[in-house]
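See below for the structure under consideration.
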Amino acid sequence: MIDHYKPHKSNNEYEFSEEKSKSQVKRELQALKDLGKELLALPVKDLDRLDLSERLYESLIKADGMTHGALKRQIGFIGGLMVHEDYESIKEKIAKITQAHNGEVKAFHQLEQWRDELLADDDQVMTVLRNQFVDLDIQHIRQLVRNANKESTQNKPPKSARLLFKYLQGCQSEQD
């Protein structure tokens with residue numbers, strides 16, 4: 001991605017060449033640092049799935065827990081190491097990981113919404129769930145909803161609401 005900047009003069013005037021400008025090199029280095037910051041934000045299990053050099057991987061692990069100034073220097077170092085990595089490949093893999101994570105979050109929010117609507121006695125949700133999940137135990141869901149509402153009125157911990165969520169989560173994982 002980055003070629004070295006080599007300015008040269010001839011007869012006191014700058015010549016045009018196919019070399020990148022100093023500003024372009026700086027922009028590319030900043031892009032590499034930004035990619036390094038994205039890598040730092042990933043959990044270790046996701047870093048393991050990327051094809052990173054051992055030195056870069058260790059630098060990313062060391063950056064965890066550094067103070068502000070040290071972290072800033074480490075990001076610069078990581079950006080320098082990124083010059084020797086396959087930038088596009090890493091960027092694509094990060095996008096896939098982020099997309100998968102966003103899908104999981106969306107599914108989680110959908111389950112929370114269904115649970116909340118069931119607890120609010122919304123019968124339309126039951127119809128949606130019947131259509132969504134083939135092996136749905138309606139009686140079990142209604143029992144959990146009754147217990148959750150009873151726990152709510154008695155100011156008890158929401159054990160049944162959690163069980164309802166886990167049941168819906170299990171139905172969703174069976175479907176996938």
Practice problem: Take Q132, project a point 7 Å from its Cα along the Cβ direction, then tell me which residues of the stretch 91-107 have their backbone nitrogen under 16 Å from it. | Solution: 103-107
Quiz item: Which length gain, in nm to one decimal place, applies between K166 and H101 when the Cα-Cα distance is subtracted from 0.36 nm times their residue separation?
Solution: 21.5 nm
Practice problem: Treat every Asp and Glu Cβ in the stretch 9-85 as -1 and every Lys and Arg Cβ as +1, leave all other atoms uncharged, and give the resulting dipole magnitude about the Cα centre to the nearest 20 debye. | Solution: 380
Quiz prompt | Distance-filtered residues of the stretch 112-129 - backbone nitrogen under 11 Å, label point 7 angstrom along E151 Cα→Cβ | solution = none
Practice problem: Can you figure out the FRET efficiency of D123 with E174, using R₀ = 22 Å and their beta-carbon distance, to the nearest 0.05? | Solution: 0.40
Quiz item: Per residue of the chain, what 222 nm ellipticity follows from adding -39500 (n - 2.57) for every DSSP H run with n ≥ 4, rounded to the nearest 500?
Solution: -24000 deg cm²/dmol
Exercise. List the lysines whose Cα lies under 23 Å from the Cα of K22, skipping any in the same chain that are fewer than 8 positions away.
Key: K6, K9, K33, K37, K72
Practice problem: From the P(r) of the stretch 98-175, can you give the percent of Cα pairs sitting at distances over 20 Å? | Solution: 30
Quiz item: Toward the positive end of the charge dipole of the stretch 98-175, about the Cα centre and with charges on Cβ (Lys, Arg +1; Asp, Glu -1), which of Q124, N147, S173 goes farthest?
Solution: N147
Self-check item: Which label in [x] 11.1; [y] 12.1; [z] 16.8 gives the computed mean projected area of the Cα convex hull in nm²
Solution: [z]
Quiz prompt | Value of relative contact order over the chain, rounded to a whole percent, pairs C-alpha under 8 Å and six or more apart | solution = 17
Quiz item: Once the Cβ-Cβ distance between Q24 and L71 is put in as r, and R0 is 25 Å, what FRET efficiency do you end up with, to the nearest 0.05?
Solution: 0.40
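Here, each number is a calculation from the coordinates, and none is a lab measurement. Since the model is a prediction, treat every value here as computed from it, not as a measurement. No Cβ is skipped: glycine too gets one built from the backbone with ideal geometry, and neighbour counts run over all protein chains shown.
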